[in-house]
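Since the structure comes first, as structure tokens, the remarks are kept for the end.
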Amino acid sequence: MDNLDQIEEHGFAIREYILDAATVAWCCELLEAARHNDNSENVTNSSGTYGLRNLTDVVPQFADIVRLPAVADLVESVAGQGAFMVRATLFDKTPSANWGVFWHQDLSIAVEEKHDAEGFVAWTRKAGVACVQPPVELMQQVLAVRLHLDDCTADNGALKVLPGTHRLARMSTAEAERQQRQVQGVVCEVRAGGALLMRPLLLHASSPMEVVSSRRVIHIEFANFELSSPLRWKYRIPCRAIRDSAGSSD
């Protein structure tokens, strides 16, 4: 089953060997420096920083991730040619910043600024960026790619998903709870350098880690459609154009 078919049927797919060891090490070095800076994008608790929002603002070099042929090809296999990155976030689960996340859907996108528009609801601001829930038919087209910088197992907080629930659109709390009872969850174990592709509307969760390790994941969202004017994406980094220009320099 190819990437698109698997995503359409199950809502997720796991692909190994997307980033090589040198690229993983480069990402880790950049993140280690960035997470100790005093950034408004830091996501913190009493234990310290466990995430970075707006990752390409904090570490502009991370825009280069979508220039990698393996990443661009992976994204385009689902989102099609012309797809672009619309947001990137680091999740850094460690023994000192160890958390669990209940079953939920990702419902919002990042936009340039707030404008009233039909079907766009629940406006918020996160780390200074306007976020909004778009119409379901748009959110169903967004693709999330989670690039793993560490081996991710059931013991260190791998993502759990409920296959097929992405087809149920935006769920009420009661419907989400019903799906939890009826659908068998899958633990998405991924090796360092591998990727988990998923639809944001897929119900997903994670548990606190049970072993002493790190679980660093770069969560990147992609789209292949424009927003209705005057709304604009906050971030818009094309995969194909960047990939092609990078390839022409070889």
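The values are calculated or read from the model by the stated rules, or taken from the named source; none is laboratory data. As the structure is a prediction and not an experimental result, all values here were calculated from the model. All Cβ positions, even for glycine, are placed from backbone atoms using ideal geometry, and neighbour counts span all protein chains on display.
Check residue 222 against each of (1) at pLDDT 95 or above; (2) within 14 Å of residue 68 (Cβ to Cβ); (3) part of a loop (DSSP other than H, G, I, E, B) and name the one condition it does not meet.
Residue 222 satisfies all of (1) at pLDDT 95 or above; (2) within 14 Å of residue 68 (Cβ to Cβ); (3) part of a loop (DSSP other than H, G, I, E, B) except (3).
Does residue 170 count as touching a strand residue (DSSP E or B) at 6+ places or on another chain (Cβ under 8 Å), of a type outside the set (Ser, Thr, Tyr) and surrounded by fewer than 17 Cβ atoms within 10 Å (Cβ to Cβ)?
yes
State the number of residues belonging to region 88-120 that are among the hydroxyl-bearing types (Ser, Thr, Tyr) and modelled with pLDDT of 90 or more.
Residues flagged as among the hydroxyl-bearing types (Ser, Thr, Tyr) and modelled with pLDDT of 90 or more within region 88-120 amount to 2.
When you look at residue 197, is it surrounded by 15 or more Cβ atoms within 10 Å (Cβ to Cβ), touching a Gly at 6+ places or on another chain (Cβ under 9 Å), not acidic (Asp, Glu) and not in a loop (DSSP other than H, G, I, E, B), yes or no?
no
Which of the residues belonging to region 201-217 are surrounded by fewer than 20 Cβ atoms within 10 Å (Cβ to Cβ) and either touching a Pro at 6+ places or on another chain (Cβ under 9 Å) or of a type outside the set (Asp, Glu) (or both)?
Once the filter is applied, which keeps residues that are surrounded by fewer than 20 Cβ atoms within 10 Å (Cβ to Cβ) and either touching a Pro at 6+ places or on another chain (Cβ under 9 Å) or of a type outside the set (Asp, Glu) (or both), region 201-217 yields 205, 207, 208, 211, 212, 213, 214.
Take the residues in region 227-248 that are hydroxyl-bearing (Ser, Thr, Tyr) and modelled with pLDDT of 70 or more; name whichever of them is surrounded by the most Cβ atoms within 10 Å (Cβ to Cβ).
235
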